[in-house]
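Here's the structure, in structure tokens; my notes come after.
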Amino acid sequence: MPFIDVTIGLGRSPEQIRSLIHELTEAAHRAIDAPKDNIRVVVREVPETHWAAGDVTIAERRAAR
């Protein structure tokens, strides 16, 4: 049973999240011929202040632009 765990920054619409779930399910189905009913997808949304690279959060990067 494929389990796809995705972490993204907060701010997508419900429609975008739903589209992502659909596309990931389809990709797993095509790539490894997994039955769609066996594919699990979890999308975790993280606030921009809680995600950092190089000690700089996404929120700080955006504010610096």
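Numbers below:
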quantity	calculated
Residue within region 40-54 that is modelled with pLDDT of 95 or more, of a type in the set (Lys, Arg), closer than 18 Å to residue 2 by Cβ and surrounded by 11 or more Cβ atoms within 10 Å (Cβ to Cβ) present	yes
Which numbered condition residue 25 misses (of (1) touching a helix residue (DSSP H, G or I) at 6+ places or on another chain (Cβ under 7 Å); (2) polar (S, T, N, Q); (3) without any contact (Cβ under 8 Å) to a residue 12 or more places away in the chain)	(3)
Tally, over region 10-39, of residues that are outside any helix (DSSP H, G or I) and surrounded by 14 or more Cβ atoms within 10 Å (Cβ to Cβ)	3
First in region 28-43 and of a type in the set (D, E, K, R), second anywhere and open to solvent by 70 Å² or more (accessible area, probe 1.4 Å), Cβ under 9 Å, 6 or more apart	40/1; 40/3; 40/5
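The values are calculated or read from the model by the stated rules, or taken from the named source; none is laboratory data. Predicted, not measured: the structure shown is a model, and the values here were computed from it. Quick reminder, even Gly has a Cβ in these numbers, built from the backbone with ideal geometry, and neighbours come from all protein chains shown. Keep in mind that these areas ignore ligands, DNA and RNA; they rest on the heavy atoms of the full protein, side chains included. Shrake-Rupley method; radii C 1.70, N 1.55, O 1.52, S 1.80 Å.
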